[in-house]
Amino acid sequence: MCRGRGPLEHAVRVRDGKDAAPLIIECKVSYEELPPAHLVEYRFADDAAKSGGGAEWRLSMVCLEYLLAFRAGKFADWEKRLLQPTCKAEFRRMMGIGPVYNVFDHHMFPSPGNEKDSFEVADDHGKKVILPRPVAALRIWSTEKQQYEEVDPTLDGAPAPAERDVYWATMCEKLQDTFPEEMEELGLTK
């Protein structure tokens with residue numbers, strides 16, 4: 001359950017000065033209906049550039065407790081997708097995105113409609129493949145402190161910042177051995 005964060009703080013929506021109703025949003029993992037204060041907020045790395053410096057926060061579709069559990073296996077999932085892509089297009093786009101060390105999920109952290117195409121490709125059979133788009137920052141509202149608290153977006157199992165360059169160089173060597181033609185096409189040969 002997503003209710004382990006202290007007292008509930010509810011929001012009420014009033015339309016046209018009448019018909020007050022609680023503002024409730026469904027967590028995409030637990031399927032619980034929750035007030036917005038119990039869902040994590042997120043932003044992408046490029047949000048600040050697009051908004052003229054003031055990065056826009058978006059309301060996710062997941063509560064903190066389920067986000068923390070979800071974050072546990074995603075780095076291994078990302079590595080597997082990179083090492084065993086469904087098609088060349090997915091591999092090329094994932095290499096274009098580069099290493100993913102922060103949490104991602106298109107259901108929990110949807111891209112705005114005008115940006116979705118940048119994170120989708122068609123595989124060799126015409127099926128849509130959605131690429132990882134990692135978040136840059138996470139936060140959640142503390143009803144007890146009446147302020148936002150930062151949430152670490154780093155995937156469990158991801159290398160520490162000081163180890164990332166070595167990790168990525170080693171991964172690229174593996175990929176060179178496994179996908180030599182694709183790596184050459186991308187200009188990433190040894």
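Structure above, values below:
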read-out: Selection status of Leu59, farther than 30 Å from Leu188 by Cβ, under 14 Å from the mean Cα position of the chain (by Cα) and either modelled with pLDDT of 90 or more or part of a loop (DSSP other than H, G, I, E, B) (or both); value: yes
read-out: Total residues in region 134-153, condition more than 16 Å from Ser60 (Cα to Cα) and either in a strand (DSSP E or B) or in contact with a Ser or Thr (Cβ under 6 Å, 6 or more places away or on another chain) (or both); value: 1
read-out: Set Phe109, Phe104: member being among the hydrophobic types (A, V, I, L, M, F, W, C), in contact with a helix residue (DSSP H, G or I) (Cβ under 8 Å, 6 or more places away or on another chain) and crowded, with 19+ Cβ neighbours inside 10 Å; value: Phe104
read-out: Enumeration of residues in region 106-140 that are of a type in the set (Val, Ile, Thr), modelled with pLDDT of 85 or more and farther than 21 Å from Val151 by Cβ; value: Ile130
read-out: Among residues of region 80-101, those that are touching a residue at least 60 places away in the same chain (Cβ under 8 Å) and surrounded by 14 or more Cβ atoms within 10 Å (Cβ to Cβ), counted; value: 7
read-out: When residues of region 149-190 are limited to those that are among the aromatic types (Phe, Trp, Tyr) and closer than 14 Å to Met95 by Cα, the one surrounded by the most Cβ atoms within 10 Å (Cβ to Cβ); value: Phe179
read-out: Scan of region 171-186 for residues that are farther than 11 Å from Pro99 by Cβ and part of a helix (DSSP H, G or I), ordered by number; value: Glu173, Lys174, Leu175, Gln176, Asp177, Thr178, Pro180, Glu181, Glu182, Met183, Glu184, Glu185
read-out: Residues located in region 95-147, provided they are of a type in the set (A, V, I, L, M, F, W, C) and under 25 Å from Leu34 (Cα atoms); value: Val103, Phe104, Met108, Phe109, Val135, Ala136, Ala137, Leu138, Ile140, Trp141
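The values are calculated or read from the model by the stated rules, or taken from the named source; none is laboratory data. Predicted model, so just to flag it, every value in this text is computed and none were measured. Here Cβ is always computed from backbone atoms with ideal geometry, including for glycine, and neighbour counts include all displayed protein chains.
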